[in-house]
1. With the stretch A:144-194 as the region, which helices (runs of 4 or more DSSP H) entirely inside it contain at least 1 residues that are among the basic types (Lys, Arg)?
2. Can you name the residue in the stretch A:56-73 that is away from DNA strand D (no atom under 13 Å from the Cβ), open to solvent by 70 Å² or more (accessible area, probe 1.4 Å) and assigned to a loop (DSSP other than H, G, I, E, B) and is also nearest to residue B:17 (Cα to Cα) among such residues?
3. Report whether or not residue B:18 is away from DNA strand D (no atom under 16 Å from the Cβ) and touching a helix residue (DSSP H, G or I) at 6+ places or on another chain (Cβ under 9 Å).
4. Among the residues of the stretch A:30-55 satisfying the criterion of being away from DNA strand D (no atom under 14 Å from the Cβ) and within 10 Å of chain B (Cβ to nearest Cβ), which is most open to solvent (accessible area, probe 1.4 Å)?
5. Would you point out the residue of the stretch A:74-89, among those that are open to solvent by 10 Å² or more (accessible area, probe 1.4 Å) and in contact (Cβ under 8 Å) with a residue 24 or more places away in the chain, that is farthest from the other protein chains (Cβ to nearest Cβ)?
Number of protein chains: 2
Amino acid sequence: MSESANHDIYFVPGLHRGLRILEILGAAKTPMSLSEIARAMDLSRSSAFRLVYTLRQMEFLKDGEQKNTYTLGAKVLNLGFAYLSNQPITKIARPLLAQLRDTTGVSTHLSVLEGHNVLYLGSHQARTGFVSNMVTGTRVEAYATAIGWCLLSGKSEAELAAFCKGLDMPPITKHTPTSFQMLKARVDQMRTDGFVVSHGFREPGGSSIAVPVWDQAGKVVACVNLSGPDSGFDFDKLKSFYLPETKATALRISRELGYEGSN
Amino acid sequence: MSESANHDIYFVPGLHRGLRILEILGAAKTPMSLSEIARAMDLSRSSAFRLVYTLRQMEFLKDGEQKNTYTLGAKVLNLGFAYLSNQPITKIARPLLAQLRDTTGVSTHLSVLEGHNVLYLGSHQARTGFVSNMVTGTRVEAYATAIGWCLLSGKSEAELAAFCKGLDMPPITKHTPTSFQMLKARVDQMRTDGFVVSHGFREPGGSSIAVPVWDQAGKVVACVNLSGPDSGFDFDKLKSFYLPETKATALRISRELGYEGSN
DNA sequence: TATTGATGTTTTATATACAAAACAATTGGC
DNA sequence: GCCAATTGTTTTGTATATAAAACATCAATA
């Protein structure tokens, strides 16, 4: 009774079990054999055989290094990227981020909050330089980054407390907040300013601007981020040019999402 | 008769069709309705209903913005990342890349070639600085980047020609090779040098070192990459310190893969 | 080398997933 | 506001996917 009142009339068991195999193999640190899969799924070997056969034929599974073992195939990666590029906000933001990149000359990024992580949905690279640190599809801990504070500014104090509950916050740099109180201070600061700027004189090696994006309900749903190395990031121009441009882009995206505030 | 001699004895049709729905929705630029899915799959609506029902319940599909439409769900993203972190080379390289990051103080990355793209498998960020341009899971055009040339150095001339066949190569920067001949020159250069270095005086804003990783068969299977902004990248130290360290790390990874050459 | 246990594969009787058809609920055109 | 067409949902007889059991193959141990 506990786990599965699954036995809905409309469940197609073949699909259900096949997907569970993918999940199990995703969670497994190492390739699994047919029998291991069958055991993990509490399934007859003959059924597991047919499922694996199908998954393999469709390239959702591929052979592991050891004989008779299987791991996730490349198709699951394709799906993952399709997921990212199908996010509605990605489509809306893409041309605007490209435009921001072109007018500023530095790299621009769009990210959202997913669980405790910042999830990068897409980016447009500075056209100069070979160093192409693209970020799409990446996850990083939200509590530790300027972009994370920006995204967390949409949460109430209670929500933020819940967010910190059970989260351990090791210090990545000496500026990393390591407690709820410290994180709250960062987020509050961001909320009053309306942006986060970190510049090279404080953090050697790079500069970054993060500005929130709001939806029609006034909720923070994403973050526009502009970043580059100090050498391409003139401090004088930062506040007079880069920041207003970034804010304008974020607002434009917000408008397209139906935001009607004046931030 | 044309498309599917699919009718293997061991094919489980529910799973087959469910996965095809995921692929179709991944390729679709916009969410689809039940009927659209049924039509695209040449399937009865009642069957499509049951498949979608199952996928939705398992969170491989989620509701689109419009009513009665569906898109890929977050689960497919989880699988995508599981795929990346399960790649054997990722596991071997991870601690060594972290170590390289710690001794050099700048960001390190591991990437492989997938089709025409450079696929980033993992990275370790410089501990200083808020600018966290992580790259895991990203794809970029191989022909246009130093890392790409590094990875392509494993190919023979014929393979490289095949690689270029039908690939259009727009110039991203003025240094971008735009023909097979130009690309071949870059790759040959890389092969004789054993690495690619691009430094800020040529490419404003950032510096980068790329070194290949070999497997036991002597094939180039991956690329170790070290990159950072000029300000953190001392030119003098580049050749005397960063480059040898990077090469040592790449060789160490190669050794763990069974490489026995002396490069 | 013989023996045991485990795993991968094939067969097949039967439980069940499936598609047609009926139904319900929307939508769009006049 | 009606009709027609399209879509989402439910039912149900039947074609078929399934799991047990048999078979084949391999690995380890004595």
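1. Helices (runs of 4 or more DSSP H) meeting the threshold: A:180-193.
2. A:59
3. No: the conditions fail for residue B:18.
4. Across the stretch A:30-55, the extreme among qualifying residues is A:30.
5. Among those residues, the one meeting the criterion is A:89.
The values are calculated or read from the model by the stated rules, or taken from the named source; none is laboratory data. Owing to the predicted nature of the structure, the values given are computational and were not obtained by experimental measurement. Positions of Cβ are backbone-derived with ideal geometry, glycine not excepted, and every protein chain shown enters the neighbour counts. Accessible surface is based on the protein model in full, side chains and every heavy atom, while ligands, DNA and RNA are left aside. Shrake-Rupley method; radii C 1.70, N 1.55, O 1.52, S 1.80 Å.
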